[in-house]
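Read the structure below first, then the notes.
The values are calculated or read from the model by the stated rules, or taken from the named source; none is laboratory data. As the structure is a prediction and not an experimental result, all values here were calculated from the model. Please note: Cβ atoms are built from the backbone with ideal geometry, for glycine as well, and neighbour counts cover all protein chains shown. Note: accessible area is taken over every heavy atom of the protein model, side chains too, but ligands, DNA and RNA are not part of it. Shrake-Rupley method; radii C 1.70, N 1.55, O 1.52, S 1.80 Å.
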Amino acid sequence: MTREIAVDEDGQIRLQKLLAQSGVASRRRCEELMLEGKVEVDGEIVTRLGTKVDPRTAVIKVSGKRLPPVSDHVYLVLNKPRGVVSTMSDPQGRPTLTDLVADRDERLFHVGRLDTDTSGLLLLTNDGDFAHRMAHPSFEVEKTYVAEVAGKLTKAVLADLLAGVTLDDGPVEVRRARIIDTSADRSIIELVIHEGRNRIVRRLLDQVGHPVRQLSRTKFGPIELGTLRSGAMRELSDDELGQLLELVGL
């Protein structure tokens, strides 16, 4: 995330000045945080005022929270509308992500994907390493979905989901699930998984007898869609980005 940070000829800056310019607190309070042992750089607590760091490479934590490095990368949250393909181009001429980010100069990567018929939270970035790690199954980043399904969901079906369901390409672990609303012919369920296999949520719910009518992703790791309108984007906050960098070891 780009911030205007004035560095010396060696590309370094005093730590308390960097913290203040990054919006952590006033310069005086940042110095107090250092003296209190609440500032960590590259795994070491730093209490010496005047310590210099490289703002682009130093891994800095304040009271346990990661401060993102200064970089030219962008990290965006998009509320993907239903009907938009999660690619930058489509041979069939369907609406794509490119149509939504046409005013951005960066070459953006989408982190994972959402089915064309699925709406909701999609991350976009020009940081290829970040995109790869966020989507890689080894990091088990949780994704939260809300689905409207056919039929009346019961506690027994919920128990079946939480016990694990095996699809034709292997078992699926459902981390958490809850019924939000249910009636005789429709139900709304929220579930959390960490996998990103093709159409996995739809196949999962179909397997337990409740085909999906509408589906939206509401969270990706700790990032929430919130009130972001369909088709709109926003930048990740420093706090959100810091949490994701910690999550995937960057």
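Roughly what would the spin-label model give for Glu142 and Gln207, points 7 Å off Cα along C-beta, in nm?
Once both label points are built, they end up 2.0 nm from each other.
Return the calculated 222 nm mean residue ellipticity for the chain, to the nearest 500 deg cm²/dmol, obtained by summing -39500 (n - 2.57) across DSSP H runs with n ≥ 4 and dividing by the residue count.
On the way: 7 runs with 55 residues, N = 250.
The helix-only estimate for the chain comes to -6000 deg cm²/dmol at 222 nm.
Keeping all protein chains in the complex and leaving out DNA, RNA and ligands, what accessible area do you get for His136 with a 1.4 Å probe, in Å² to the nearest 10?
Approximately 70 Å² for this residue.
For the range 2-152, what proportion of DSSP beta bridges, expressed in % and rounded to the nearest 5, is antiparallel? Can you show the working numbers first?
Details: 19 of 20 bridges.
If we restrict to bridges inside the range 2-152, about 95 percent are antiparallel.
Determine the dipole magnitude for the chain: charges of +1 sit on the beta-carbon of Lys and Arg, -1 on that of Asp and Glu, nothing else is charged, the reference point is the Cα centre, and the result goes in debye to the nearest 20. Each step should come with its number before you reach the end.
Numbers: 36 positive and 39 negative charges, 141 e Å.
Using Cβ point charges on Lys, Arg, Asp and Glu, the chain gives about 680 debye.
Return the tail of the calculated pair distribution for the range 113-246, meaning the percent of Cα-Cα pairs more than 26 Å apart.
Working: 2138 of 8911 pairs.
Result: 24 percent of Cα pairs exceed 26 Å.
With the dipole of the range 1-121 worked out from charges on the C-beta (+1 for Lys and Arg, -1 for Asp and Glu) around the Cα centre, which of Thr118, Ser22, Gly11 lies farthest toward the positive end?
The residue sitting farthest along the positive end of the dipole is Ser22.
Can you check how the C-alpha radius of gyration of the chain compares to 2.2 N^0.38 Å, as a plain ratio?
Working: Rg = 21.4 Å, N = 250, 2.2 N^0.38 = 17.9 Å.
Compared with the compact-globule rule of thumb, the chain sits at 1.19.
Rank Phe220, Ile188, Val208 by how far each Cα sits towards the positive end of the charge dipole of the range 178-250 (+1 on Lys, Arg Cβ; -1 on Asp, Glu Cβ) and give me just the farthest.
Among Phe220, Ile188, Val208, the one farthest towards the positive end of the dipole of the range 178-250 is Val208.
Given labels modelled 7 Å from the Cα in the Cβ direction, how far is it in nm from Glu9 to Met88?
Taking the simple label geometry, Glu9 and Met88 are separated by 3.9 nm.
I'd like to know which of Leu33, Pro69, Val85 lies farthest towards the positive end of the charge dipole of the chain, counting +1 on Cβ of Lys and Arg and -1 on Cβ of Asp and Glu.
Positive-end residue among those listed: Val85.
Over the heavy atoms of Met88, what accessible area does a 1.4 Å probe trace out, to the nearest 10 Å²?
It works out to around 70 Å².
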